[in-house]
Structure formats: C-alpha cells, structure tokens
Amino acid sequence: MVDVFNALTVLGNFLIIPGLTYGSQLALGALGVTLVYGVLRFSNFAHGETMAFGAMITILVTWGLQAASISIQPLPTALLAIPVGIVVTVVLTLLIDRFVYRYHRDRKANPVIFLIVSIGVMFFMGGLIRFIIGPGDQIFFDGTRFILKAREFKQMTGLDEGLSLRMTQAVTIITAIIIVAAMFWFLNHTRTGKSMRAYSDNENLALLSGINPDRVVMITWILVAALATIAGTLYGLDKSFKPFVYMQLLLPIFASAIVGGVGNPLGAIAGGYVIAFSELILTFAYKKIILYLGPETLELDSLVQILGTDYKIAVSFIILVIVLIIKPTGLFSGKTI
Amino acid sequence: MSFLLGEHMTGGYGAADILHDCSIGVEKGEIAVIVGPNGAGKSTAMKAVFGMLPLRKGRIVFDGSDVTALKPEERVVKGMGFVPQTHNVFTSMTVEENLEMGAFIRTDSISDSISQVYDLFPILKEKRKQPAGELSGGQRQQVAVGRALMTHPKVLMLDEPTAGVSPIVMDELFDRIIEIARLDVAILMVEQNAKQALEIADKGYVLVQGRNRFTDTGEALLANPEVRKAFLGG
C-alpha cells in the first residue's frame with residue numbers, strides 16, 4: 001500500500017503539478033491567440049513576443065521595486081509589478097494596431113496578409129525586447145520559494161517520495177483560475193463582452209446593431225495584452241525569462257488554441273491542458289512508478305520513457321497535425337468567441 | 001413627401017449601375033413591398049435606401065431629413081431597422097442575447113421591449129436560452145425581426161423575410177408584419193412571394209432591371225392584368 005502512495009506522490013510531484021502549471025500558462029497564452037482570431041480573424045504570430053514584452057516590462061518594474069525594498073512577502077514582487085507591465089503592453093499593442101493592423105483592416109485585407117504582418121510585428125517586438133533587456137537569462141523571482149518542501153512532506157507522511165509545491169506553481173494555477181473565470185464572466189455577462197461575441201459571430205449584423213467595431217477591436221487588444229503579460233510573467237517566474245523561449249512557446253500555444261477549436265475560449269483552456277499533459281505524459285520517466293507498483297524482483301535499466309525530453313516540442317507539433325487532419329475545427333468547434 | 005423616400009436612386013457596386021433612377025417610398029403604419037423578377041435589383045434598391053450601396057445620383061430622405069450621407073449604422077441610430085436576408089442572427093448567442101444586441105445603442109432599460117417582442121413571437125420566449133443557430137428557419141426569422149425591433153425603429157426594412165420558410169410559417173410571418181405596421185411602423189420589404197406579399201401591401205413597387213416599372217397600391221397591382229401576366233404567373 002505504501003508503494004502505491006509513493007507511486008502516486010511521484011506522479012503528483014513530477015507530472016500533475018508541473019502539468020497543471022504548464023497547462024495554465026499555455027491556456028492563458030492560447031486564450032489571447034483565440035481572442036485575436038475570433039475578433040480580428042487572423043493568427044497572431046506576435047503573441048509570443050507580446051508575452052515576452054509584457055514579462056520584460058514587469059521584470060524591469062520588479063527590479064525597481066526590489067531596489068526600493070518594496071515587497072509583498074511571501075509572494076513574488078513581480079505580482080505587484082504586473083499591472084504596470086499590462087499598461088505598458090496595452091499601450092504598445094494599441095500603437096501597433098493603430099499604425100500597422102488598422103491600415104490593413106481598413107482595406108479589408110486577406111487574413112493571410114494579417115498573418116504575415118503579424119510575423120513582421122513579431123520580429124520587431126523581438127528586436128525591441130533584446131535591445132532593451134538583452135538576449136540573456138533573467139531571474140526575477142523572489143519571495144518564498146516553496147509552499148511545501150519535499151523533505152517536509154516526507155516527514156509529514158513518512159513516505160520515501162517527496163511532494164513539493166513551489167510558490168510559482170501555486171501562483172500560476174490560482175492566477176489562471178481567477179483570470180479565466182473573470183474572462184468568462186466578462187464575455188458572457190457584460191454588455192461589452194457580449195458585443196465582442198456578437199462582433200466575432202457576425203460582423204455585419206453587429207454593425208447594424210450599432211456595435212462600434214473600433215471599440216471592439218480596442219477592447220480585444222487590451223484584453224490580449226493583459227492576458228499575454230500575465231501569461232508571460234507567470235511563465236518567466238516559473239522557469240526563467242529568456243526572450244527566445246517565448247518564440248518557441250508559440251508552437252504549443254497555437255497547438256492549444258487549435259486543439260480546442262480556434263476562436264473558442266473554452267477550447268483554448270482545455271487545449272492548453274491537453275497539450276501540457278500530452279507533452280509530460282509522453283516524456284515522463286515511468287521507471288520509479290513501475291518499480292513501486294511492479295513485483296519486488298523487477299529490475300529496470302532504462303528510464304521507461306516513451307519519448308526523450310528532447311522531443312517535447314515535437315509532441316505539440318504531432319498533436320497539431322493530427323487535429324488538423326482529423327478534426328480541423330478542434331474539440332469545441334471553434335470560429336466564434 | 002413620404003416618411004421614408006429613396007428618390008431617383010442611381011448607382012451600383014462597381015462601374016456598372018444596377019439601379020437607374022429608381023424611387024421608393026413608404027409612409028408610417030404602411031407596408032410597402034418591392035417585387036420583380038430575379039436580378040431586378042429589388043434587394044439592391046433596399047440596400048441603397050439603407051446606405052449599403054454607393055449612389056451616384058439621387059437622395060434618401062427619412063423623417064424629414066436628408067440621410068444620404070449617413071452610414072448604415074448611423075441610420076440605425078436615426079430610427080431605421082434592417083433585417084438582412086441571410087446571416088441575420090448571431091448564431092452562437094442565445095435568443096435573448098440576440099435581442100439584447102439589437103438594443104445595443106439604447107441606454108435605457110430594454111426589458112419592456114424584450115417582453116414586447118416575446119408577446120409578438122411567443123415561441124421566442126420559450127427558446128430564449130437557446131442559441132439562435134439551433135432554431136428552425138422560421139424561428140430564426142422571428143429572432144431576426146425581433147432583433148431589429150429592439151431599437152423601436154420608425155421604419156423596418158425586411159429583405160425577403162420569408163425566404164426558405166414553409167407556406168404556413170410565411171402566412172404567420174406576414175400576420176406578424178401587419179401587426180408591427182399597426183404599431184405605426186413603416187415597413188419596407190422585398191419579397192419573392194409576390195402574390196402573397198402584395199395582398200398585405202398598401203403600396204407595391206414592381207422593379208425591372210433596376211427601374212420602376214409599376215407603382216401602385218397592392219390591390220391595384222394584383223388587379224392589373226399586365227402585372228399579373230408578367231410577374232404573378234397569370
């Protein structure tokens with residue numbers, strides 16, 4: 001029986017908690033991508049860099065706060081800096097919309113043109129970020145590192161395996177729940193949120209109903225910038241901040257949005273967790289679990305991994321391809337928010 | 001001068017004109033119907049009145065003021081309601097949300113208007129929590145008309161409201177349209193079912209190739225042998 005608990009603890013510690021954390025980060029990212037797709041009708045390749053930009057501003061403000069010895073122990077100071085990060089990112093996003101996307105929107109450009117334009121924006125933002133903060137790793141986490149330490153867990157339960165919960169993991173999961181709940185409340189219960197859904201559903205009819213498209217577009221960018229900043233900061237807190245990493249995050253984020261049904265917020269969230277857990281389940285080393293649950297005499301030489309962790313990124317790519325072949329509209333049949 | 005009048009409208013989407021000196025008008029509490037063969041520019045004429053077609057010549061006068069330069073959404077604020085032929089509901093939103101969106105420009109309480117629409121179309125009350133995309137064709141048309149009524153328009157423009165619905169549903173929709181007209185709303189509609197539409201019309205416009213061919217009361221047009229022969233199938 002103890003073996004079963006040990007096995008469960010290993011699963012919890014190395015699969016479930018990291019999966020929920022990573023899934024929450026992807027879900028928040030995919031929610032932003034899906035909003036842009038639903039309202040503005042294009043795939044925003046600059047979303048990864050928007051996350052990085054928001055995180056960067058948050059980091060700069062965090063350093064300022066740290067220098068001024070302002071903190072909110074035991075929580076990381078970055079949480080205090082996020083609002084500033086959001087505001088600056090909103091301003092940048094709105095400026096980019098004003099000077100780049102609006103031109104093409106007025107011309108009713110093809111979505112492919114928007115997509116390519118967004119790649120341009122991606123490179124611009126990437127350059128801006130590296131110009132300001134440099135390409136290197138930045139660690140900006142402070143506060144209490146662990147809520148539950150593996151050693152304490154072992155002492156508490158008497159098990160051989162430890163379960164730890166890092167502060168960043170708890171913060172990520174809780175923040176994601178709050179943000180997602182707030183987002184759904186906004187979309188389903190406020191006039192502005194409903195007008196966004198209406199615009200996404202039927203642009204012409206929304207116009208006939210007196211819904212101002214400029215306002216819908218502006219609110220969408222504000223939400224997207226806020227979501228991106230939060231997602232980017234949470235990811236940076238949990239792992240570390242490295243500009244190039246956010247570009248690589250684009251693939252799992254798009255995979256999440258598409259798996260769930262692009263344009264569908266509920267789908268984006270489900271997709272985030274599907275992608276996160278798929279990556280972890282396929283690259284997890286099952287050796288310990290099998291040793292605990294298998295017969296006493298069993299000996300294993302390998303780690304019993306389905307895929308090496310190097311192939312992590314391939315998992316989201318494979319899922320993406322499978323979904324696009326079998327059910328291109330995704331699990332929740334997307335298209336409108 | 002009519003309550004709503006499109007005068008000498010000439011224009012089209014590209015280089016070629018679709019409408020040629022076409023005039024259409026409707027009074028308060030009246031039903032005006034535009035009929036004619038396929039490609040006669042019926043829907044185009046209505047879109048022109050609503051500002052969805054660039055006009056080279058002519059003007060639109062509504063409630064005593066010239067609205068020719070206004071965008072469609074600005075005309076909605078002025079009191080014009082428009083129900084497009086297709087894609088006229090928010091399919092992913094519930095019936096009630098559709099009605100709410102119809103009243104988007106209003107800042108006062110809309111619950112009275114919603115119950116008014118439910119009185120007019122009782123089935124919508126039953127289905128108010130259902131996404132409009134899940135409703136039948138006739139019910140969707142009711143949602144579409146209900147959505148347009150939410151702003152309390154002074155004129156309601158309907159582009160083929162009975163397209164694709166059964167004859168029974170068509171009769172019912174026409175009954176509802178008469179009821180709406182009795183509320184002192186001017187109704188301008190384009191209809192494929194010319195005979196039935198002219199029966200309820202106070203005024204009828206027969207368009208051919210973007211020009212006014214016959215203009216008279218509905219009754220007179222139905223009695224006109226030329227109109228009967230050419231457009232009503234005898």
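Observations on the structure shown:
- Each label point was placed 7 Å from the Cα along the Cα-to-Cβ direction; for A:K154 and B:E199 their separation is 8.9 nm.
- Angle in degrees between helix A:111-133 and the longest Cα principal axis of chain A, rounded to the nearest 10: 60
- Length-normalised contact order of chain B in % [C-alpha pairs under 8 Å, at least 6 apart]: 28
- For region A:201-337, the fraction of C-alpha pairs farther apart than 23 angstrom is 52 percent.
- The long axis of helix A:78-96 is offset from the longest Cα principal axis of chain A by roughly 30 degrees.
- Over region A:2-326, relative contact order from alpha-carbon pairs under 8 Å, at least 6 apart, %: 33
- Shape parameters for region A:105-252, alpha-carbon atoms, Rg then Dmax in Å: 21.0, 67
- At least 20 Å along the helix axis (C-alpha) and Kyte average at least 0.0, DSSP helices within chain B: B:167-182
- Kirkwood Rh (inverse of mean 1/r, distinct Cα pairs), chain A, angstrom: 21.1
- Globularity index of region A:178-231, i.e. its alpha-carbon radius of gyration over 2.2 N^0.38 Å: 1.16
- nm² value of the averaged projected area, convex hull over the Cα atoms of region B:113-224: 7.7
- Over chain B, the hull volume per residue, using the convex hull of the C-alpha atoms, is 117 Å³.
- The antiparallel fraction among DSSP beta bridges confined to the protein assembly as shown stands at about 60%.
- Cross-link reach list, lysines versus B:K71, counting only Cα pairs under 24 Å and skipping chain neighbours closer than eight places: A:K108, A:K194, B:K28, B:K42, B:K47, B:K57, B:K154
- Considered as an equivalent ellipsoid built on the Cα gyration tensor, the protein assembly as shown has semi-axes of 59, 25, 21 Å, the largest given first.
- Sorted peptide list for A:297-304, A:160-167, criterion being average Cβ within 10 angstrom, highest first: A:160-167, A:297-304
- In chain B, helices alone account for a calculated mean residue ellipticity at 222 nm of -10500 deg cm²/dmol, with every DSSP H run of four or more residues adding -39,500 (n - 2.57).
- Taking a straight line from the alpha carbon of A:K287, these aspartates and glutamates sit under 15 Å away, with near neighbours fewer than eight places off in the same chain left out: A:D3, A:E161, A:E296, A:E299, A:D301.
- Helix axis angle, A:213-238 relative to chain A longest principal axis, alpha carbon, degrees: 20
- At 0.692 mPa s and 37 °C, Stokes D of region B:37-163 from Kirkwood alpha-carbon radius, µm² per second: 214
- Among B:R140, B:R182, B:R59: highest mean-square fluctuation, GNM of chain B, C-alpha pairs under 10 Å: B:R182
- Per-residue mean of foreign Cβ neighbours for B:92-103 is 5 (Cβ atoms of other chains, 10 Å radius).
- Listed by chain and number, the aspartates and glutamates whose alpha-carbon sits under 14 Å from that of A:K239, ignoring those within fewer than 8 places in the same chain, are A:D137, A:D142.
- Inter-chain Cβ neighbour average for residues A:18-27, partner chain, 10 Å: 0
- For the residues of B:72-85, the average number of beta carbons from a partner chain within 10 Å of their own beta carbon is 2.
Read the figures in this text as sums done on the coordinates, not as results from a lab. Because the structure is a prediction, the values reported are computed rather than measured. As a convention, Cβ positions derive from the backbone with ideal geometry for all residues, glycine included, and neighbour counts pool all protein chains shown.
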